[in-house]
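Working notes, structure below.
The values are calculated or read from the model by the stated rules, or taken from the named source; none is laboratory data. Not measured: the values here are computed from a predicted model. Protein only, heavy atoms only, side chains kept; ligands, DNA and RNA dropped before computing areas. Shrake-Rupley method; radii C 1.70, N 1.55, O 1.52, S 1.80 Å.
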Amino acid sequence: MNVDEVLAGLTLEEKTSLTAGADFWSTVAIERVGIPSVRVTDGPSGARGAHIPGVGGVPSVCIPCGSAMGATWNPALTEQIGALVGREARDRGCRVLLAPTVNLHRSPLAGRNFECYSEDPLLSGVLAAAFVRGVQSREVIATVKHFVGNEAEFERGSISSVIDERALRELYLVPFEHAVRDGGALAVMTSYNRVNGKWNTERPELLLDLLRGEWGFGGLVMTDWFGVVDTVVSARAGLDLEMPGPGRAFGPALLAAVKAGDVDESSVDDMVRRLLSTFDRFGILDAPVAPVAPAGDLTEDRALVRRAAIESTVLLRNDGVLPLDATAGVVRRVAVVGPNANAPRIMGGGSSQVLPHPVETPLAALRVALGDGVDVVHERGCVIDRSARPIGARGLVAPDGFDVEVVDGEGRSVARQSLPDTKFLFFEPPDAAITKGEAWSLRVTGTVVPEETGRYDLSLAQAGATRVSIGGAVVLDGVADPPPPGGSEFFGLASKELTGGVDLVAGRPVDVVVEFFAPAGGFAFGARVGFRLPEPADLMERAVAAVRDADVTVVVVGTSEEWESEGRDRTSFSLPGRQDELVRRVAGACARTVVVVNAGAPVDLPWVDDVGAVLQCWFGGEEMGPALADVLVGAAEPGGRLATTIPVRIEHNPSYDNFPGENGELRYGEGLFMGYRGYDHRCLPVRFPFGHGLGYTTFAIGAPSVEAMPASGAVAFEVRVPLTNTGGRRGSEVVQCYVAPVGDTRLARPPKELKAFAKVELDPGESTVVSLTLDERAFAYWDPGQSDWEAIQPRRAQLTAVEAGITQDRRAPGWQVDPGTYRLLVGRSSADLPHAVDVVIRGS
């Protein structure tokens, strides 16, 4: 499509209509000139399609979470995962994917860390660029988010992230720069928060000067959903699209602003040209809206996601317990305990959630992997649920799901849908036969099978009115007895909980009926009907008793999508509930104890020296259970390396004094010294360092050689590192290169920074030479200059005696590479760098 010709033929009303969404998941169509509506989908956990999490749609591939993909340190694999998600988006009729999330792991407690790759900007940026390339290889637009300074969920819609210019440039902007410059990302989503007091939707210095000017970005910039927009300022600042629709600040409001003379029509033309040109890059404007035609649960997709889960699994500690060898007859009885062993958490909470294909639990997968000759016993040990699980989840499973009858305001049945559980949320009527603003209702029916006998506590949170019947009896009635508003469910839109209970028998099916009534008008409609498993007083004692006769115990602990979620930060570094006590007591009863940490972000590991092995499997996607079993029995190598530091204490984290914020400000007070940079700077011990990870084989990293690359026309070096697999099986190693300035530096700099890496797989005895490239930016820092330097010279002249000491030179803002000696540190983690080579950069 000739975008300029189309643009010239549009009316002002049509042009402004294109600057806001049509609805929650699509842009406006202008049929008169052939502009189609373009659908978008969330994407960090997989391509859900154009619907709210848990509402309608078909299953999607649930990929390992962002922190898991970060732990792979594998750009090629990340690109393959991106291509899978891109294909799934397109199969669901969506041509824009709202991923990847590339904010940094500034604090272990940040609620959305699981979506993001790493604490390090280079690792984050390289993986983000790879994911983008994969997605866009399917001609689906990748949207990098959230631009910028969105490293916490506290007051996320209004907080001001106070970030100095050096930290912003050297850390927090870097992943976006890689995604745009190296990955070719075609869309960027702004964040809810402010940066240094200004909304990011109103920052021409970011959206125009930096993003489009300096980085050469040619795509579209959109808001986060319901993000704050000032009509006039944002239109001039480089924002193109307000989502979702209908428009509040753009669309009709922008039309009025142009007619009032507050916004030039040429600004609208620029916005629409960028939007249409981005769509046209993949021929979207010339193609009919694709039908929803998912490929289904493919074996090759499962294999790829399983490989990613394996490559993300980090073996933190191993005293020889792993891998388990059931073939030798040494392991005859294995106890698998812990709250996540039979209820794995494969993704975090919030907008990234998808409806996954069937999930095999770690317990079930390990039974298969160990074979019939090994007796596997299981106990939960403790409870970690923050709130009740939706009915239909593990523990009270609905084998056939739930049938949903949609009824209009006149009492007519207009559609039938299905749900996997009793949690649903709508921002629009559930069927096109119902006009927005009208009343409607749902009748949700299904049969569940309890896994345990006992008293099940039930709860109801609603945005609307809901009645729940189990076994023919009403157990929760939010119609006759509505709970008050003020709950935390559905981003705070739901009521507080109404509670009740019912006695159930393991294995005995029982019918469930949920009647939901949506009143006329309103913004959000939904319900979460949840349950808690029976919690006998001897739950932990059962687990301890089960492990006493075991040859090996596997304890699967962790968090959940409730503890790690969009919309809230964690308030504690500790594992929820009594999990630490469970680990200690189990380890005391079984000498060979393996702990698996199923969490998307670091947690406290105070018992780590008391157990035989520790694995971190993150939120590993729908193949996490089989992948974990593969690693435990040695069918696969644990290929992960930490992409974020695990501290000894949360108080040691560099952001601790400035997290999560107060009085409307979140101060990034540690500046450049975030993550491993800060631990190094303060000489603080850590539990496990950035880059750490063990395997089942051994590698020898040889002394590197370095050669300058003058042909590049700038400062550049090739670092060649010999690598040999010295063990007895195939495995992987991540060769890491850090750059450390030697001697005094002109401006403060971290002790060392990751500047190149490569993941390599080798057979036993095989050797190779790993080539790493360091370009000019590997040695550079951002100098913000001093804007008032000239203005203060008269006053300085009056204070000659006071100012008689050495004066630092001032430079114009920009990237600087100072002449001098730089030490290249090469090894396998930020704390294990056995080789050092100095290079000298001379002045021009």
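Some values worked out for this structure:
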quantity: Solvent-accessible heavy-atom area per residue, rounded to whole Å², over the stretch 154-196 at 1.4 Å; calculated: 27 Å²
quantity: Karplus-derived 3J(HN,Hα), 6.51/-1.76/1.60, for each residue of the stretch 489-495, Hz, glycine and proline x; calculated: 5, 6, 6, x, 8, 8, 6
quantity: Cross-link pairs beyond the 25 Å C-alpha cut-off, checked among Lys145/Lys423; Lys145/Lys198; Lys423/Lys496; calculated: Lys145/Lys423
quantity: Area accessible to solvent at Phe282, 1.4 Å probe radius, in Å²; calculated: 40 Å²
quantity: Placed amide H near Arg332: partners under 5 Å, 5+ positions off or other chain; calculated: Asp551
quantity: Carbon plus sulfur fraction of accessible area for the chain, probe 1.4 Å, in percent; calculated: 50 percent
quantity: Under 13 Å from the Cα of Lys759 - aspartates and glutamates, other chains or at least 8 residues apart; calculated: Glu311, Glu733
quantity: Euclidean distance of C-alpha centroids, the stretch 593-620 and the stretch 82-144, integer Å; calculated: 26 Å
quantity: Accessible area per residue in Å² at 1.4 Å probe, computed on the stretch 611-761; calculated: 35 Å²
quantity: Å² per residue, accessible surface of the stretch 211-300 at 1.4 Å; calculated: 40 Å²
quantity: Ellipticity estimate at 222 nm from DSSP helix runs (n ≥ 4, -39,500 (n - 2.57)) divided over the chain, nearest 500; calculated: -5500 deg cm²/dmol
quantity: Inter-part distance where the stretch 391-417 and the stretch 1-53 are each reduced to a Cα centre, Å; calculated: 31 Å
